[in-house]
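A.B. asks: Next up is a structure, given as structure tokens.
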Amino acid sequence: MLFNSIDFVIFIPIVFLIYWLLNSHLRAQNLFVAISSYVFYGWWDYRFLFLIFFSTVVDFYIAKNMQKYRGPKVRKLLLVCSLFTNLGLLGVFKYYNFFVENFNQAFTFLGYHVNGSSLNIVLPVGISFYTFQTLSYTIDVYRSKLQPTPNFVSFAAFVSFFPQLVAGPIERATNLLPQFYKSRKFEYTNAVDGLRQILWGLFKKMVIADNCALYADMIFNNSESYSGSTLALGAVFFAFQIYGDFSGYSDIAIGTSRLFGFNLMQNFAFPYFSRDVAEFWRRWHISLSTWFRDYLYIPLGGSRYHKVRNVFVIFLVSGFWHGANWTFIIWGAINALYFIPLLLAKRNRVNTSIVAENKRLPSPKELFNIITTFSLVTIAWVFFRAESISHALIFIRDMFSLDLLSLPVYSIRKLIYPIVVLLAFFVVVEWFGRKDKYAIENLLKNKFTPIRWAFYTLIIFLIGMYMQTEETPFIYFQF
Amino acid sequence: MMSIQIINLIKRILIFSVFLIIGYTLLLFLFGSVLKPKHLPNLVYKVGHNYLRLQEVRQTSNVDLLFLGSSHAYRGFDTRIFRVSNYKAFNLGSSSQTPIQTLILIDRYLKKLNPKLVVFEVNPMVFASDGVESGLDLIVSDNNDRHSLKMVFNQKNIKLYNTYLYTLVNSIFNDTAYVKNKAYKKGGYVAKLKPAYFNGEEQDKTLITFNENQIKSFETILRRLNKNGINYILVQAPVTSLKYNSYSNIKAFNSLMASYGDYYNYNEVLNLNDTIDFYDSHHLNQTGVNIFNKAFINFLDNNFQDLKE
């Protein structure tokens with residue numbers, strides 16, 4: 001079920017009302033969350049429900065046995081079982097064809113003929129997200145950071161929790177699971193805040209991302225026929241598309257969770273206002289970055305030894321996590337190359353505060369740094385969006401041709417006025433809300449209610465006027 | 001028990017909803033009045049020849065022939081040619097008109113027009129269409145009533161919601177639109193003013209997927225005509241052979257239409273030239289219209305002698 005669908009508009013109030021009617025029965029409420037989550041997921045394809053259930057059962061019992069058998073060897077073996085099961089599922093469904101095709105090509109290159117056949121596999125939506133979420137549970141139990149839960153229903157609800165099941169934020173068991181143990185209290189202000197965050201998330205997805213997607217697709221799909229400036233425009237549109245799409249999803253997920261009395265972690269913190277790439281990576285897809293930091297970077301040695309290698313590994317794995325394609329791996333590598341010089345110069349933690357804090361506008365230096373960082377990130381996005389590495393390389397070569405300084409072609413220019421105005425509105429609102437968890441959290445908060453409501457009405461109107469008439473899925477569903 | 005806070009939230013949402021409806025409508029009117037139509041993708045308020053046609057239909061009654069259908073109807077049946085042959089005809093075709101909209105139009109105008117024969121132009125694409133384009137055309141061109149409201153809710157498309165709301169508000173302030181359209185001819189026909197010819201471009205293969213709602217509406221129309229004792233024939237107007245052969249399941253479509261009554265497929269009756277008689281892949285130019293209409297009048301003269309006024 002898509003957040004931006006009529007189905008969800010009907011689904012959410014029904015689930016909300018039943019959920020709060022069950023408030024005095026914690027077990028029943030958790031069971032209801034699990035059932036609703038399975039309905040939500042099954043709406044897309046019920047055949048893959050068994051995968052979630054399988055992961056849930058395996059990790060529940062593995063964690064339970066870790067507590068039962070205290071010997072380090074047994075615990076390690078159990079952890080390996082969990083990693084093998086979860087990453088095995090991910091490997092089969094997401095990476096099998098990639099490996100087969102690359103092995104075939106590698107052996108062909110060496111002069112051998114190997115015929116490993118690829119499979120026609122459907123990638124289960126959200127598998128990368130819930131797999132990492134359950135892994136965090138078994139790893140934390142293994143590290144004795146978390147007591148295994150004795151309650152299967154709570155655990156099933158934690159794994160399948162519908163707001164963040166298919167595209168995150170990837171929650172840690174230490175944060176989300178305990179919220180299923182205690183009864184939730186409905187808080188009016190929290191719920192209203194949640195609704196506000198959902199609204200902003202819908203605007204980001206349906207207005208910004210989907211409209212930018214139109215032009216990004218138009219330009220990327222015919223990149224050979226456009227000038228450098230038009231290609232640059234296409235790359236910028238894609239940068240906003242992916243941000244609007246993914247952070248919009250996260251906002252809707254977090255906002256929806258708040259309606260049910262849950263608090264999820266912040267996943268995006270205005271990354272395009274970052275002053276360097278290190279700051280960007282502290283603000284972009286935070287739940288994944290911190291996951292890799294805690295469960296891969298630190299075990300590899302973190303900043304204590306082999307830090308350059310560790311950073312490189314993290315970025316490559318992060319790229320590969322996004323998709324079984326070399327373009328994602330190169331995207332990760334480019335970001336590593338941006339990041340490593342900052343790390344070596346010990347400048348990776350220079351910009352930890354909010355940009356232009358307590359000021360209305362950034363200083364010229366801050367503005368320069370923001371634009372530079374955005375440009376670097378956008379160039380890397382070309383690899384993320386392109387069909388192949390050669391497509392990305394040609395795109396970038398053509399983008400940096402002499403006509404980069406000319407105006408984009410008329411056929412594109414004449415179409416984009418509305419989206420340019422909408423992007424300007426979006427950037428201004430995000431700028432003024434950059435201190436908060438999401439842009440409109442405190443915007444106009446102290447103003448007279450009708451003024452605030454008029455602003456929300458304007459946002460809803462812009463959604464109604466500029467949304468696509470076809471439901472468009474979120475980009476990150478494919479990951 | 002539901003807590004008081006939840007009840008308060010629901011109350012607040014309801015109050016906001018009222019505020020939202022008023023505010024949304026005002027913004028719709030404001031944006032619609034200030035911005036150019038091309039900058040408002042989900043609002044259509046530009047009226048064209050269908051507006052003139054629906055103005056005229058209100059002044060028309062008791063016709064011999066009533067043409068229904070899409071642009072193949074209003075660009076294919078030249079009412080001026082029929083008038084010369086002593087047929088009083090009215091063409092109620094409109095852009096991409098699908099059975100969903102045809103049903104609304106016959107509910108509104110059939111009684112008044114009281115045709116002796118309905119010529120229902122059927123082409124495969126309208127049966128595959130969701131009907132949004134035609135729905136928009138109808139909302140902006142005609143007075144809206146419960147039929148159009150029902151259509152808007154059934155079709156669940158934001159463009160239709162916005163356009164309906166806008167038209168409703170606009171009608172309060174500005175009841176009539178001034179439309180100048182030289183191509184529109186009395187009786188509902190729309191002519192191609194300058195000579196134009198199809199360039200012979202190859203057409204992509206198309207599999208017609210029938211939209212269930214269109215089939216249902218189509219059946220309702222036929223039932224309604226039968227109930228009112230009005231004769232009808234189903235006609236497929238000519239398209240280029242390239243277009244016609246691009247439908248991979250045209251035989252299934254032809255069989256389906258033949259199962260509903262007398263069906264005349266002029267793609268298999270006339271032998272027109274793709275680059276001489278058409279201005280694009282599926283619309284006749286005036287040369288083609290003349291040939292087609294002459295053949296069709298011949299057919300009427302031979303088979304429906306009692307139609308003429």
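A.B. asks: Estimate the FRET efficiency between B:Asp280 and A:Thr469 by the formula 1/(1 + (r/R0)^6), using the beta-carbon distance for r and 30 Å for R0, to the nearest 0.05.
C.D. replies: 0.75
A.B. asks: Among B:Val289, B:Thr220, B:Ala237, pick out the residue whose Cα is farthest towards the positive end of the charge dipole of segment B:207-309, where Lys and Arg carry +1 and Asp and Glu carry -1 on C-beta, about the Cα centre.
C.D. replies: B:Thr220
A.B. asks: Grab the Cα-Cα distance for A:Val308 and A:Lys447, subtract it from 0.36 nm times how many residues apart they are, and report the gain in nm with one decimal.
C.D. replies: Details: separation 139, 0.36 × 139 = 50.04 nm, distance 4.95 nm.
Value of the extension gain: 45.1 nm.
A.B. asks: Another question, if that's okay. Just to confirm a number: summing +1 for Lys and Arg and -1 for Asp and Glu over residues other than B:Gly261 whose beta-carbon lies under 13 angstrom from that of B:Gly261, what do you get?
C.D. replies: Here the count lands on -1.
A.B. asks: Could you please rank A:Glu430, A:Glu171, A:Glu357, placing first whichever residue has the fewest other Cβ atoms within 10 Å of its Cβ?
C.D. replies: Ordered from fewest to most neighbouring Cβ atoms within 10 Å, A:Glu430, A:Glu171, A:Glu357 come out as A:Glu357, A:Glu430, A:Glu171.
A.B. asks: Follow-up. If the only charges are +1 at each Lys and Arg Cβ and -1 at each Asp and Glu Cβ, what is the size of the charge dipole of segment A:343-449 around the Cα centre, to the nearest 20 debye?
C.D. replies: Around 440 debye, computed over segment A:343-449.
A.B. asks: Still on this structure: Taking 8 Å as the Cα distance limit and 6 or more residues as the minimum spacing, I'd like the relative contact order of chain A as a percentage. Provide the component values of the computation, followed by the final result.
C.D. replies: Numbers: 626 pairs, mean separation 87.1, N = 479.
This gives 18 percent for chain A.
A.B. asks: I need the shape label for segment A:1-100. Rule: rounded when a/c is under 1.5, else prolate if a/b > b/c, else oblate, with a, b, c from the alpha carbon gyration tensor.
C.D. replies: Oblate.
A.B. asks: Roughly what would the spin-label model give for A:Glu101 and A:Ala424, points 7 Å off Cα along C-beta, in nm?
C.D. replies: That separation, rounded to one decimal, is 4.2 nm.
A.B. asks: Same structure again: If we count other beta carbons within 10 Å of each Cβ, what is the order of A:Thr472, A:Thr134, fewest first?
C.D. replies: A:Thr472, A:Thr134
A.B. asks: Report, in whole Å, the centroid distance computed from the Cα atoms of segment A:372-412 and segment B:267-309.
C.D. replies: 53
A.B. asks: Say R0 is 41 Å: what FRET efficiency, to the nearest 0.05, do A:Leu404 and A:Ala345 get from their beta-carbon distance? Let's see the in-between values first.
C.D. replies: Working: r = 29 Å, r/R0 = 0.71.
Computed FRET efficiency for A:Leu404 and A:Ala345: 0.90.
A.B. asks: Quick check on segment B:159-309: take the gyration tensor over C-alpha atoms, sort the square-rooted eigenvalues as a ≥ b ≥ c, and tell me if it's rounded (a/c under 1.5), prolate or oblate.
C.D. replies: Rounded is the answer for segment B:159-309, as its axis ratio a/c remains below 1.5.
A.B. asks: Give the longest segment of chain B that steers clear of trypsin sites (Lys or Arg not before Pro) in DSSP loops with at most 15 neighbouring Cβ atoms within 10 Å, not counting the sites themselves.
C.D. replies: Answer from the scan: B:206-307.
A.B. asks: To continue, here is another question. How big is the protein assembly as shown in terms of Cα radius of gyration and Dmax, in angstroms?
C.D. replies: 31.3, 102
A.B. asks: Can I ask one more? Do you know the relative contact order of chain B, to the nearest whole percent, from alpha carbon pairs under 8 angstrom that are 6+ apart?
C.D. replies: On the way: 475 pairs, mean separation 72.0, N = 309.
Contact order relative to length: 23 percent.
A.B. asks: Quick check on my link table: of B:Lys88/B:Lys112; B:Lys192/B:Lys294; B:Lys46/B:Lys185; B:Lys88/B:Lys192; B:Lys186/B:Lys294, which ones sit more than 24 Å apart, alpha carbon to alpha carbon?
C.D. replies: Check vs 24 Å cut-off fails for no pair.
A.B. asks: Do any of A:Lys76/A:Lys307; A:Lys359/B:Lys38; A:Lys447/B:Lys11; A:Lys204/B:Lys243 go past 30 Å between their Cα atoms, and which?
C.D. replies: A:Lys359/B:Lys38; A:Lys204/B:Lys243
A.B. asks: Just to confirm a number: summing +1 for Lys and Arg and -1 for Asp and Glu over residues other than A:His391 whose beta-carbon lies under 15 angstrom from that of A:His391, what do you get?
C.D. replies: Here the charged neighbours net out to -2.
A.B. asks: Checking understanding here: applying a Kyte-Doolittle mean of at least 1.0 and a length along the axis of at least 24 Å (C-alpha), which whole DSSP H helices in chain B pass?
C.D. replies: Helix filter hits for chain B: B:4-34.
A.B. asks: Could you list A:Phe155, B:Phe67 so that the one with the fewest beta carbons within 10 Å of its beta carbon is first and the one with the most is last? If you can, show how the numbers build up before the last one.
C.D. replies: On the way: A:Phe155 25, B:Phe67 28.
Final ranking by Cβ density, sparse to dense: A:Phe155, B:Phe67.
A.B. asks: Ordered by residue, what ³J(HN,Hα) values in Hz, to whole numbers, does segment A:242-254 give under the Karplus form 6.51 cos²θ - 1.76 cosθ + 1.60, where θ = phi - 60° and Gly and Pro are x?
C.D. replies: The phi angles translate into 5, 5, x, 5, 7, 6, x, 4, 4, 4, 5, 5, 5 Hz.
A.B. asks: Say R0 is 41 Å: what FRET efficiency, to the nearest 0.05, do B:Lys11 and A:Asn175 get from their beta-carbon distance?
C.D. replies: That gives a FRET efficiency of 0.80.
A.B. asks: Helix-derived [θ] at 222 nm for the protein assembly as shown: sum -39500 (n - 2.57) over DSSP H runs of at least 4, divide by residue count, nearest 500?
C.D. replies: The helix contribution divided over the protein assembly as shown gives -18500 deg cm²/dmol.
A.B. asks: With a cut-off of at most 11 other beta carbons within 10 Å, and DSSP calling the residue loop, which trypsin sites (Lys or Arg not before Pro) in segment A:1-68 qualify? Please list them. Numbers along the way, then the final one.
C.D. replies: Values: sites: A:Arg27, A:Arg47, A:Lys64, A:Lys68; in loops: none.
Within segment A:1-68, no trypsin sites (Lys or Arg not before Pro) qualify (loop, at most 11 other Cβ atoms within 10 Å).
A.B. asks: For segment B:153-229, which chymotrypsin sites (Phe, Trp or Tyr not before Pro) are in a loop by DSSP, counting at most 12 other Cβ atoms within 10 Å?
C.D. replies: Of the chymotrypsin sites (Phe, Trp or Tyr not before Pro), the ones in loops of segment B:153-229 whose Cβ has at most 12 other Cβ atoms within 10 Å are B:Tyr178.
A.B. asks: Going 7 Å from the Cα of B:Val269 toward and past its Cβ, which residues in segment B:216-235 have a backbone nitrogen under 12 Å from where you end up?
C.D. replies: Inside the label zone: B:233-235.
A.B. asks: Provide the net charge surrounding A:Val141, with neighbours chosen by a C-beta distance below 11 Å and charges set as Lys +1, Arg +1, Asp -1, Glu -1.
C.D. replies: Local net charge: +2.
A.B. asks: With a point put 7 Å past each Cα toward its Cβ, work out how far B:Ser33 is from B:Glu212 in nm, to one decimal.
C.D. replies: So the two model labels end up 4.4 nm from each other.
A.B. asks: Still on this structure, please answer the following. Would you work out if segment A:6-184 is rounded, prolate or oblate? Take a ≥ b ≥ c from the square roots of the eigenvalues of the alpha-carbon gyration tensor; rounded if a/c is under 1.5, else prolate when a/b is larger than b/c, oblate otherwise.
C.D. replies: oblate
Read the figures in this text as sums done on the coordinates, not as results from a lab. Only a predicted model underlies this, so the values are computations on that prediction, with no experimental measurement involved. Note: ideal-geometry Cβ built from the backbone for every residue, glycine included; neighbour counts use all protein chains shown.
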